[in-house]
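Working notes, beginning with the structure itself.
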Amino acid sequence: MAARLIDVHPHIISKDTAKYPIDPIQGRRSPWSASRPRSFEELVAEMDDAGVDKACIVHSSTTYGTDPSYLADVIEANPGRFTGCFSMDVLAPDAEVVFRRWVGRGLTGIRLYTAGAHFDAQTSQLSDPRSFPVWEAAIELGVTITTQLRPEGLPQLLEMLSRFPEATVLVDNTLKPNYQEGPPYHGSEHVFMLERYPNVHLKVITNGIRASYEGAGRPETFYPRLVSVFGAERLAWGSNFPASVGTLAEHIAEARAALSCLGEPDQDWIFAKTAERLYPVLAERVEARGVAVT
């Protein structure tokens, strides 16, 4: 069992809608953010109860669109135990300037949200040349780029990986493998082929862990295969709390059960050490754990 836990995919929703207005991407708010929102303080309480050491909090695009003000305020007030992965309009004329401003406030990851539940189809934003200055700045500043996309967006991702081989890239939700077919998972080649790009990492979140039990799939057949291809040092666990139903402690129990088929060294990487590589600020010692919000 991994001794430490670093969550690279929790979300937070402020109770103060005047200071942090709801303005979801595509104009449609995610049901979870309305029915079971959790503020930063509530996330901290869940983390303390579940034994999560640190976290990279992910901006909720389906709540706040391209404005990560709440996330930035929280991270700025609570450095050390937390960092943030923000979203913004990377196609705007002043995108590089805006990007540098958010990074200057302590956010060390950016999420390119190019497809999701509220998108009718995969967008073409990922490989849009207007985003190139942000990619270049991310490389310069050591910011991890998370890509939220569907399998049909893979050609765009491959174009960017070829153009920016020095970028550190984290792919959300393991790019949705075909768990249901079961071993040897030939239908998941769109995932396994990313192994040839050494700068690519995969995020293992609650959604995927639950899906790994569907059809002929089982976590004890899928995750050892994934580790054999990528190595555990390129996989990072994220809860997706509270977007996925259940307490944070329940998410952790599910993840530990699903990944118990792996050796302890591999679990150590997936549950903490890979996160420290992706977000080096989380590798630093934390003297105090504040929960202030400016």
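The values are calculated or read from the model by the stated rules, or taken from the named source; none is laboratory data. Just so you know, these numbers come straight off a predicted model, no measurement behind them. Positions of Cβ are backbone-derived with ideal geometry, glycine not excepted, and every protein chain shown enters the neighbour counts. These area figures cover heavy atoms from the full protein model, side chains too; ligands, DNA and RNA do not enter into them. Shrake-Rupley method; radii C 1.70, N 1.55, O 1.52, S 1.80 Å.
Distance between Cα centroids, region 86-132 to region 1-70: provide it in whole Å. Region 86-132 and region 1-70 have Cα centres spaced 18 Å from each other. Placing Val171, Val97 in order of accessible area, with the largest value first and a 1.4 Å probe, yields Val97, Val171. In the list (1) 38, 21, 15; (2) 26, 23, 19; (3) 30, 22, 18, the label attached to semi-axes √(5λ) of the Cα gyration tensor in Å as derived from the coordinates here is (2). Counting only lysines at least 8 places from Lys273 when in the same chain, those with an alpha carbon closer than 30 Å to its own are Lys54, Lys176, Lys203. Across the accessible surface of region 110-169, with the other protein chains kept in place and a 1.4 Å probe, carbon and sulfur atoms take up 49 percent.
Given charges of +1 on the Cβ of Lys and Arg and -1 on the Cβ of Asp and Glu, with all other atoms neutral, how large is the dipole of region 78-118 about its Cα centre, in debye to the nearest 20? Spell out each step's value before the answer.
On the way: 5 positive and 3 negative charges, 50 e Å.
Its charge dipole is roughly 240 debye.
Express the accessible area of region 147-267 per residue in Å², computed with a 1.4 Å probe while the remaining protein chains stay in the model.
Value returned for region 147-267: 37 Å² of accessible area per residue.
Estimated purely from DSSP H runs of n ≥ 4, each contributing -39500 (n - 2.57), the mean residue ellipticity at 222 nm for the chain is -9000 deg cm²/dmol once divided by its residues. Heavy-atom accessible surface of region 74-132, averaged per residue, reaches 38 Å², computed with a 1.4 Å probe. Dipole check for region 14-90: with +1 at the C-beta of Lys and Arg, -1 at the C-beta of Asp and Glu, and the Cα centre as origin, the magnitude is about 260 Debye. Taking all protein chains as they are arranged and a probe of 1.4 Å, the heavy atoms of Asp128 leave approximately 30 Å² accessible to solvent. With the chain treated as a Gaussian network of Cα nodes joined by springs under 10 Å, which of Arg28, Arg256, Arg196 yields the largest mean-square fluctuation? Between Arg28, Arg256, Arg196, it is Arg196 that shows the largest mean-square fluctuation. Annotation: extensible slack from Asp128 through Val245 equals 38.7 nm (criterion: 0.36 nm per residue apart, minus Cα-Cα distance). Exposure check, 1.4 Å probe, all protein chains in place: Ile139 carries approximately 50 Å² of accessible surface.
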